[in-house]
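S.K.: Structure below; questions to follow.
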Amino acid sequence: MFSEQTAPTAQGLLTPPSAEPPTFPRVPVSGYLDCSQPFQLGERSFSRQYAHIYAVRLAGMRPGLERCAQSRWGNDIALRKLSELQAGEKCCVVGTLFKAMQLQPSILQDISEEHNLVPQPPLPKYIQPSDELMLEDELQRIKLEGAIDVQRLVTGKGLVALWWHPPFRCWPGLTTCSATGTILAVYGSEQDDGRFLVEDHCFADLPPLLPWNGPSSDRFVLLASGLGLGSVSGEALLSTQLLVDVVTGQLGAEGEQSCAAHITRVILAGNLLSQNTQSRDTINKAKYLTKKTQAASVEAVKMLDEILLQLCTSVPVDVMPGEFDPTNYTLPQQPLHRCMLPLASAYATLRLVTNPYQANLDGVRFLGTSGQNISDIFKYSSMDDYLEILEWTLLAGHISPTAPDTLGCYPFYKSDPFILTECPHVYFCGNAPHFQSKLLQGKEGQRVLLVTVPDFSATQTACLINLRDLTCQPITFSGFGADSED
Amino acid sequence: MADELYLENIDEFVTDQNRVVTYKWLSYTLGVHVNQAKQMLYDYVERKRKENSGAQLHVTYLVAGNLLQNGHVCHKVAVVREDKLEAMKSKLSTITSVHVYSIQKALLKDSSPLYNTDYDIVKTNLQHCSKFSAICCAAAVPRTPRDAPRVPAPAQSPQRHRDPGAAGVLNGHGPPAAKAPPQQHKGIMGMFAAKAASKPQDTPKETKAEAKEAPGVSAASSKAPTKNNIMNNFFGKAAMNKLKASSVPEQPKEEKEVVKPSVAVTEPESSPITVGEKPGKKSESGRIQQKDKKSKTKRADRSDDEEERDPENVKKKRKRIKQLQSDSSDEE
């Protein structure tokens, strides 16, 4: 892996100065193609309702799911719409999942004065044993029971018309069932009481195979997220500097520097600024108190600019926005504006990209987000492991099924860009609590490297992905503190 | 021996100036490759310890290697104090690099002085921060102004935008040749840094792209040998020394500039330098300076007193922000 062949020269710099030390040229990028066009929004109009995105989602995923169902349960199973169901007949229905959750934050309850309720504080998880699952298609919905894990699955969607209010962060619905959900196929029969007894269910499974054009020699991509600039903690600052120094070839002995020259790209997956920069005081405090104060994010962005400048003079960098970065809130997040980074955007090596981000790097397809989709599913499902959730979204065929229900999303109406149409080779999510990685093999020969990129400000860990053999290695940085203990 | 000069330099930095000398700081200060800087530090430590075993020297090292953690092989990069070096090395299954990170007189409690030293030296060398690094990237070239999509400048100050634009402005979209430090500070952020200091330093380096600036500067510098007080006012104390140093190489430059048809240039050459004209010239070159530098402030003409230019500009800028804010609150 990284630096295996460097051991011989490890102590090489513990000598008096020698002849002119070598400079290694950075391995050039042989092929880069930005495939994030579906995530780039041009003209934005918020006058539409969210019902459309569900309709296109179902329409887009139905053919694939029907194929999956047939391959799984036989070619002769009956594919029915909910309106065509007959009691007792075993059939397969494709629809969107909806999970009725009592604890789910609802704007209607919050503002309802009759109940005199205090708005619910944010919880780590909103699941409860009493949650119920429902399946909806274009016209109807039906309650599900049986061989289906209520806790594990994520909220489904509702086809009820949703009304969207711009100032609110959570999404109101005309009924309490506002959701986005996973499209799945269930096999079972309708009972007399009107519920659907599920015997088996299946998701879309891995998307179709994308041919592999990867490099034949070692090339690395560094994935880091959650730099968290602008926070009060100083420990992470030295680690960030060490990261920049390793990548730019300043740190390390000659062997390590020559290895670092094989890093062809750096991808920063969101949360470049820390949560502390989200000073909400300006909203709550009186204007005379906040008039001359500067937003905390201004200093943080300056620091980010300097760090990016150091990186950009040495390696191509892709910067994705995250939850706390100065860009729009709804998914897909648009790239940071280059005017915020005057020093770094002078270089052609800096690319400001969307969240989610998709690109072909040296023939390897990368797809990833800054983690909002995964952490949202974490809140509404019993799944605890970020890697498990990441794998599940890939198998469900959708990057963020909970959008726009509990996760902000743009009201698409023509097509849902979050549906996975091709299987990426590297699928990552940023801002995870720890580093995890797994190589997934698909039935049709798909190979996907799943990576959860840890939050750098908390873990001081980044990931190095070798494009040649799709392996991933974490790289940790540390300084020493007053209580230095490893 | 010239080679041994670095030993004396490091000695001076560490013992006399009591600095924290990191390899990066040494590399930028002495202008050497980072690996050479690391070796220099090592050499210094070895020699110093050999000749004087009671030397008050504390060293931090950088150790990097592979470590087995949670079932997978993790690459670890750590800065450790000398006393923890062996412990860290024994923890790593394979060691990929060990080198000196910094030398300082005092024992460091934590690594923040290291970070601060590196931060400061990088900040002052932002424009060529990868110059002494071991990796050079061919793709890392500044965008040419043609390629970079530029928002059309507002109608009020198109001229002022363009002139500093030619000189390498806000986003550093300058001609690649003019990569000297001041350009990065042309934006609002760096406007008030003492970049007046670096201006005279640049003219020897820069091409004639900055026709307007150079005469202004040379006009100013031509007075350097004569009236120090005025120069003090013009640039500020920090610039004085650099100005004196660069005034000599600029003399031949001025003669070259005679050929250039430029209003500002003809003035210092044709007319003898008299006291009466100085304020006029000073104000004009000051204005040129201001126009070039303070492209954003439309009230540059208001002040002719360069001494207070910087703080006043700050004040001007504050006024502008204040006004905007008071406008909005008035409306409310």
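S.K.: With a 1.4 Å probe and all protein chains in place, put A:329, A:386 in order of accessible area, largest first. Intermediate results must be reported in sequence, preceding the final value.
M.R.: Numbers: A:329 95, A:386 30 Å².
Largest accessible area first, the list is A:329, A:386.
S.K.: Using the Cβ atoms and a cut-off under 10 Å, what net charge is assigned to the surroundings of residue B:64, where Lys and Arg are +1 and Asp and Glu are -1? Walk me through the numbers on the way to the answer.
M.R.: Working: positive: B:76; negative: A:256.
Around residue B:64, the surrounding residues sum to 0.
S.K.: Residues of region A:330-363 with accessible area at least 10 Å² lower in the all-protein-chain context than alone (1.4 Å probe)?
M.R.: Residues passing the criterion (a loss of at least 10 Å², heavy atoms only) are A:338, A:342, A:343, A:345, A:346, A:347, A:348, A:349, A:350.
S.K.: I'd like the accessible area for residue B:123, computed on protein heavy atoms only with a 1.4 Å probe and all protein chains in place. Round to 10 Å², please.
M.R.: Surface accessible to solvent at residue B:123 totals approximately 90 Å².
S.K.: Just tell me how shielded B:103-116 is by partners: mean number of partner chain Cβ atoms within 10 Å of each residue's Cβ, no decimals. Let's see the in-between values first.
M.R.: On the way: counts 0, 0, 0, 0, 0, 3, 5, 9, 12, 6, 0, 5, 9, 3.
Mean shielding count: 4.
S.K.: With the crude spin-label approximation of a point 7 Å out along Cα→Cβ, what separation in nm comes out for residue B:120 versus residue A:337?
M.R.: It works out to 3.5 nm between the two label points.
S.K.: Using only C-alpha positions, report the orientation-averaged shadow area of the convex hull of region B:1-124, nm², one decimal.
M.R.: Working: hull surface 34.9 nm².
Spelled out: convex hull of the Cα atoms, projected over all directions, averaged, 8.7 nm².
S.K.: Where in region A:441-459 does the amide nitrogen come within less than 20 Å of the point 7 Å from the Cα of residue B:72, taken along Cα to Cβ?
M.R.: A:441-442, A:446-459
S.K.: Follow-up. Using only Cα atoms and rounding to the nearest 10 degrees, what angle (0 to 90) does helix A:235-248 make with the longest principal axis of chain A?
M.R.: So the helix axis and the longest Cα principal axis differ by about 70 degrees.
S.K.: Sticking with this one: Quick one: with all protein chains in place, what share of the accessible area of region B:1-124 is carbon or sulfur, to the nearest percent (1.4 Å probe)?
M.R.: Ligands and nucleic acids excluded, carbon and sulfur reach 48 percent.
S.K.: Which stretch or stretches of region A:336-370 have amide N atoms under 19 Å from the point lying 7 Å from residue A:329's Cα along the Cα→Cβ direction?
M.R.: The answer is A:336-337, A:355-356, A:370.
S.K.: Once the other residues with Cβ under 13 Å from the Cβ of residue A:86 are scored (Lys, Arg +1; Asp, Glu -1), what is the net sum?
M.R.: -1
S.K.: Considering only protein heavy atoms, what per residue accessible area in square angstrom results for chain A with a 1.4 angstrom probe?
M.R.: Value returned for chain A: 39 Å² of accessible area per residue.
S.K.: Count the net charge of all other residues whose Cβ sits under 13 Å from the Cβ of residue A:191, scoring Lys and Arg as +1 and Asp and Glu as -1.
M.R.: Working: positive: A:90, A:143, A:195; negative: A:89, A:145, A:190, A:192, A:193, A:199.
After counting each charged neighbour, the total is -3.
S.K.: Of A:307, A:257, A:341, whose Cα points farthest to the positive end of the dipole of chain A (charges on the beta-carbon: +1 Lys, Arg; -1 Asp, Glu; origin at the Cα centre)?
M.R.: Going by the Cα projections, it comes out as A:341.
S.K.: In debye, nearest 20, what is the charge dipole magnitude of chain A about its Cα centre with +1 on Lys and Arg Cβ and -1 on Asp and Glu Cβ, if you could check?
M.R.: Values: 35 positive and 51 negative charges, 264 e Å.
So the dipole magnitude of chain A works out to roughly 1280 debye.
S.K.: Right, here's the next one. Leaving ligands, DNA and RNA out of it, work out the accessible area of residue A:143 with a 1.4 Å probe and give it in Å² to the nearest 10.
M.R.: 60 Å²
S.K.: Estimate for me the total accessible surface buried between chains A and B (protein heavy atoms, probe 1.4 Å, no ligands or nucleic acids), in Å² to the nearest 100. Could the numbers behind the result be given before it?
M.R.: Working: alone 22230 and 19230 Å², together 35030 Å².
Accessible area lost upon association: around 6400 Å².
S.K.: Considering all alpha-carbon pairs of chain A, what whole percent are spaced by more than 29 angstrom?
M.R.: Working: 62939 of 117855 pairs.
Here the tail beyond 29 Å accounts for 53 percent of pairs.
S.K.: With every protein chain present, what is the per residue accessible area of region B:1-124 (1.4 Å probe, Å²)?
M.R.: Numbers: 5340 Å² over 124 residues.
I get 43 Å² per residue for region B:1-124.
S.K.: Continuing with the same structure: Counting Lys and Arg as +1 and Asp and Glu as -1, each charge on the Cβ, what is the dipole of region B:1-124 about the Cα centre in debye, to the nearest 20?
M.R.: Its charge dipole is roughly 560 debye.
S.K.: Next question. List every residue whose amide H lies under 5 Å from the amide H of residue A:234, counting only residues 5 or more places away in sequence or on a different chain, with H placed 1.01 Å from N in the peptide plane.
M.R.: Those qualifying (amide H under 5 Å, at least 5 residues apart or on another chain) number zero.
S.K.: Can you give the average number of partner chain beta-carbon atoms within 10 Å of each beta-carbon in peptide B:33-45, as a whole number? Please report the intermediate quantities before stating the final value.
M.R.: On the way: counts 6, 10, 14, 6, 4, 10, 8, 2, 3, 5, 4, 1, 1.
Averaged over the peptide's residues, the number is 6.
S.K.: Quick one: check the C-alpha center-to-center distance for region A:77-101 versus region A:204-255, whole angstrom.
M.R.: For region A:77-101 versus region A:204-255, the Cα centre distance is 45 Å.
The values are calculated or read from the model by the stated rules, or taken from the named source; none is laboratory data. Only a predicted model underlies this, so the values are computations on that prediction, with no experimental measurement involved. Here Cβ is always computed from backbone atoms with ideal geometry, including for glycine, and neighbour counts include all displayed protein chains. Ligands, DNA and RNA are excluded from the accessible area calculation, which covers all protein heavy atoms including side chains. Shrake-Rupley method; radii C 1.70, N 1.55, O 1.52, S 1.80 Å.
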